[in-house]
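Before I ask anything, here is the structure I am working with.
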Amino acid sequence: MITERGGILDKTRVRPIRHLMNPLDFTVDELEKLFDLAGDIEREPAKYAKVCEGKKLATCFYEPSTRTRLSFEAAMLNLGGEVLGFSEASSSSAAKGESVSDTIRVISCYADICAMRHPKEGAAYVAASKSLIPVINAGDGGHQHPTQTLTDLLTIRSLRGSLSGFTIGLCGDLKFGRTVHSLINALTRYSDVRFIFISPEELKVPDYITDMLDEKGIGYEEVISLEDVIDKLDILYMTRVQRERFFNEEDYVRLKDFYILTKDKLDKAKSDMMVLHPLPRVNEISVEIDDDPRAAYFKQAQYGVYVRMALILTLLGMEPV
Ligand code: NCD
């Protein structure tokens with residue numbers, strides 16, 4: 001009988017297919033379980049080294065990426081599984097005009113789970129609606145980047161011990177930075193989180209985000225100067241100016257070095273403030289800061305692998321119960 005997998009009836013599939021499009025797709029309790037699992041993976045990686053033997057992850061990247069694609073691949077390899085995929089649209093059938101819907105139907109025949117990045121907002125949602133395997137949104141245009149948010153939340157939880165009760169400053173390109181949009185969304189579910197948005201006028205956080213905060217009655221400050229607020233912050237989330245989403249190069253050149261976190265500026269911050277960055281960094285954090293104990297962005301990249309391992313296990317229904 002020809003079935004949903006295009007092959008022999010898969011009687012073992014008892015769970016509905018679950019995707020990750022938005023960090024809010026998981027409840028706060030589910031996220032706690034995911035982070036606990038990521039913590040266990042960090043402590044005892046050997047326990048998980050073979051759990052995905054025989055499983056395949058497809059990475060379908062229509063837009064450049066280093067750490068997201070490689071961290072997904074590292075996550076699956078660490079679990080004993082295998083990976084296949086493409087890293088640019090030009091090397092996929094998209095170059096021949098194939099739709100995302102058709103591509104995912106085909107990938108569903110080759111792999112057990114798929115991580116997709118696409119320059120168009122909503123592309124991963126289209127894929128999920130046609131997919132026969134779990135789809136993970138690995139970034140859709142300037143919209144959402146849920147696995148970076150899981151990474152950010154796990155980093156904060158692991159290094160601070162809690163996801164509540166802090167002031168976070170988000171600095172840089174708050175207009176086009178999808179990691180910022182996803183993270184703000186996710187943090188609104190925790191108590192006593194205070195937001196300070198630090199950006200030039202042209203790169204302010206979009207209205208749909210501030211409208212959402214207003215509706216929920218969550219306060220925020222919008223400022224231009226990082227120096228004026230740095231001493232109030234428990235977490236500083238730096239971002240790069242998203243050159244690829246600008247309409248003209250002149251605006252990019254004018255704004256790209258608006259913020260540069262230097263040692264002098266960091267001297268004014270709390271001694272335990274945490275500096276995060278989704279990476280890649282361009283100029284916005286001076287390399288002289290990398291050895292400061294407050295610089296947590298490389299640790300953050302490591303947490304990204306643990307959380308993606310936990311996510312793959314969870315979406316495949318292979319997490320320990
Ligand atoms: C981010 C992205 O792709 O949005 N990178 C990443 O996945 N860690 C941030 C960025 O590109 O600036």
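The values are calculated or read from the model by the stated rules, or taken from the named source; none is laboratory data. Everything numeric in this text was worked out from a predicted model, so none of it was measured. Heads up, the Cβs are rebuilt from the backbone with ideal geometry, glycines too, and the neighbour counts pull from every protein chain shown. Side chains included, ligands, DNA and RNA excluded: accessible areas come from the protein's heavy atoms. Shrake-Rupley method; radii C 1.70, N 1.55, O 1.52, S 1.80 Å.
In nm, what is the difference between 0.36 nm times the number of residues separating VAL287 and ASP192 and their Cα-Cα distance?
Fully extending the segment from VAL287 to ASP192 adds 31.0 nm.
Assuming 0.36 nm per residue, please report the length gained on full extension of the stretch ALA49 to ASP231 beyond their Cα-Cα distance.
Gain on stretching ALA49 to ASP231: 61.2 nm.
Obtain the radius of gyration and the Kirkwood radius of the stretch 147-301 from its C-alpha atoms and give Rg over Rh.
Across the stretch 147-301, the Cα-based Rg/Rh ratio is 0.93.
Give the span of the chain's Cα atoms along each principal axis, as three whole-Å numbers ordered largest to smallest.
If we take the Cα atoms of the chain, the spans are 67, 44, 39 Å.
Setting aside same-chain residues fewer than 8 positions from LYS50, which aspartates and glutamates have a Cα under 18 Å from its Cα?
Cα-Cα hits under 18 Å: ASP40, GLU42, GLU73, GLU82, ASP112, GLU319.
On to the next question. For the stretch 147-301, with all protein chains present and a 1.4 Å probe, just round the carbon and sulfur fraction of the accessible area to a whole percent.
48
Can you give the angle from 0 to 90° between the axis of helix 207-216 and the longest principal axis of the chain, with both taken from C-alpha atoms, to the nearest 10?
The angle comes out near 90 degrees.
Using the reciprocal of the averaged 1/r over all distinct C-alpha pairs, how large is the Kirkwood radius of the stretch 210-321 in Å?
One decimal place: 16.7 Å for the Kirkwood radius.
Hey, what number do you get for the chain at 222 nm if only DSSP H runs of n ≥ 4 count, each worth -39500 (n - 2.57), divided across all residues, to the nearest 500?
-11000 deg cm²/dmol
Ordered by residue, what ³J(HN,Hα) values in Hz, to whole numbers, does the stretch 68-81 give under the Karplus form 6.51 cos²θ - 1.76 cosθ + 1.60, where θ = phi - 60° and Gly and Pro are x?
5, 5, 5, 6, 5, 5, 4, 4, 5, 5, 4, 8, x, x
Extension gain THR66-LYS204, at 0.36 nm per residue separation less the Cα-Cα distance, in nm?
Using 0.36 nm per residue and subtracting the Cα-Cα distance, I get 47.0 nm.
Projecting each Cα onto the charge dipole of the stretch 202-321 (Lys/Arg +1, Asp/Glu -1 at the beta carbon, about the Cα centre), which of THR314, MET273, GLY217 comes out farthest on the positive side?
THR314
Next up: May I ask you to give the average projected area over all directions of the convex hull of the Cα atoms of the stretch 181-262, in nm² rounded to one decimal?
Mean shadow area of the hull around the Cα atoms is 6.1 nm².
Moving on. Are any of the pairs LYS33/LYS299; LYS33/LYS216; LYS96/LYS120; LYS232/LYS263; LYS232/LYS270; LYS120/LYS216 more than 19 Å apart by Cα-Cα distance, and if so, which?
Flagged as over cut-off: LYS33/LYS299; LYS33/LYS216; LYS120/LYS216.
Where a Cα-Cα gap under 21 Å defines reach, which lysines qualify for LYS56, not counting those fewer than 8 residues away within the same chain?
Counting by Cα, and skipping residues close in sequence, LYS56 has these lysines nearby: LYS11, LYS47, LYS130.
Please give, to one decimal in nm, the separation of the simple spin-label points placed at LYS270 and ASP257, each 7 Å out from Cα toward the Cβ.
3.2
Okay, moving on. Averaged per residue, what accessible surface does the stretch 76-201 expose to a 1.4 Å probe, in Å²?
On a per-residue basis, the stretch 76-201 sits at 32 Å².
When ranked by the protection proxy of mean other Cβ atoms within 10 Å per residue, highest first, what sequence do the peptides 208-219, 278-289, 84-95, 127-138 form?
Averaged packing, sorted descending, gives the order 127-138, 278-289, 84-95, 208-219.
Where in the stretch 133-161 is the amide nitrogen less than 11 Å from a point lying 7 Å along the Cα-to-Cβ axis of ALA89?
Under cut-off, by backbone N: 141.
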